[in-house]
Amino acid sequence: VSGDFRWQSTSPDHTFAFGRVLGRHLCGGDALALLGELGSGKTQLVKGLAAGLGVAADEPVVSPTFVLVREYIGRLRLYHLDAYRLGGADDLLSLGIDEMLADSAGVVAVEWADRVPGVLPPTAWTVELNHAGEQRRELTVSVPDSQRRAAVQRDLEALRGSGGPNGVSSATDSQGDRS
Ligand SMILES: Nc1ncnc2c1ncn2[C@@H]1O[C@H](COP(=O)(O)OP(=O)(O)OP(=O)(O)O)[C@@H](O)[C@H]1O
Ligand SMILES: [Mg+2]
């Protein structure tokens, strides 16, 4: 891992926009470990990932609470799992996570991945979300390769420069590139 960088989110829309930037840079075979307490915004981030992957806006992304894995089709297939709602690594394996990880046209995002150590490959992206106030979250991302890390960092800086947190409105998000 080439290193981490941090991002301050000040609203759910802002976390969505952050996820959308990451989603644009995802490649087939990528996995993401989403870490952070209850309500820190992991599912909100996945909504942004889906948008960045070009999942249609009329396919709402919801927490995989009752259905254990949700799949969304965009530029790549997005597999969304939540290790907290599952019992642990065995449940993920019996759901077929190995096949999902082997899908070269897929991306696997696992909430609470720290509960299932060793299931995701060491090349997984990690995003850690921490409460820093009612609407404020500190996001720490590590990107698996230095080239994409630089590109993601550049896009996040552009997002910040485009008006900062308050410039990221829900109107912008719902139009965006969700087609
Ligand atoms: N800056 C922010 N980023 C993300 N969510 C925020 C932010 N500020 C407030 N929220 C609120 O926090 C909640 C985050 O919920 P979300 O389901 O995304 O969390 P989660 O990490 O997936 O939780 P769980 O561990 O229960 O799955 C939402 O109600 C959202 O509106
Ligand atoms: Mg969640």
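Observations on the model:
Here is a yes/no grid of residues against (1) within 11 Å of the chain's Cα centre (by Cα); (2) under 20 Å from Glu128 (Cβ atoms):
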site	(1), (2)
Phe16	yes, yes
Gly29	no, no
Leu38	no, yes
Leu49	yes, yes
Asp103	no, no
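- Scanning segment 21-60 for residues being farther than 22 Å from Asp103 by Cβ and either assigned to a loop (DSSP other than H, G, I, E, B) or not small (Gly, Ala, Ser) (or both) gives a total of 11.
- Condition check for Val110: within 13 Å of ligand 1 (Cβ to nearest atom), under 23 Å from Gly133 (Cα atoms) and either hydroxyl-bearing (Ser, Thr, Tyr) or touching a strand residue (DSSP E or B) at 6+ places or on another chain (Cβ under 6 Å) (or both): no
- Count - residues of segment 75-131 that are of a type in the set (Ser, Thr, Tyr), part of a loop (DSSP other than H, G, I, E, B) and within 16 Å of ligand 2 (Cβ to nearest atom): 1
- Scanning segment 33-62 for residues that are among the aliphatic types (A, V, I, L, M), within 13 Å of ligand 2 (Cβ to nearest atom) and closer than 23 Å to Leu159 by Cβ yields Leu34, Leu35, Leu45, Val46, Leu49, Val61.
- First in segment 70-85 and over 16 Å from Gln44 (Cα atoms) and in contact (Cβ under 8 Å) with a residue 24 or more places away in the chain, second anywhere and acidic (Asp, Glu) and part of a loop (DSSP other than H, G, I, E, B), Cβ under 7 Å, 6 or more apart: Arg77/Asp103
- Evaluation of Tyr84 against (1) modelled with pLDDT under 95; (2) out of contact with any helix residue (DSSP H, G or I) (no Cβ under 7 Å at 6 or more places or on another chain) (one fails), failing number: (2)
- Candidates in segment 134-159 are the residues that are of a type in the set (A, V, I, L, M, F, W, C) and part of a strand (DSSP E or B); of these, the one that is farthest from ligand 2 (Cβ to nearest atom) is Val141.
- From the list Leu76, Leu53, Leu101, Leu35, the one residue that fits, being surrounded by 15 or more Cβ atoms within 10 Å (Cβ to Cβ) and within 16 Å of ligand 1 (Cβ to nearest atom), is Leu35.
- Thr65 vs. criteria within 13 Å of ligand 1 (Cβ to nearest atom), at pLDDT 90 or above, surrounded by fewer than 22 Cβ atoms within 10 Å (Cβ to Cβ) and over 20 Å from Asp155 (Cα atoms): no
The values are calculated or read from the model by the stated rules, or taken from the named source; none is laboratory data. Given the structure is predicted, the values throughout are model-derived calculations rather than measurements. Neighbour counts run over all protein chains shown; Cβ positions are idealised from the backbone, glycine included.
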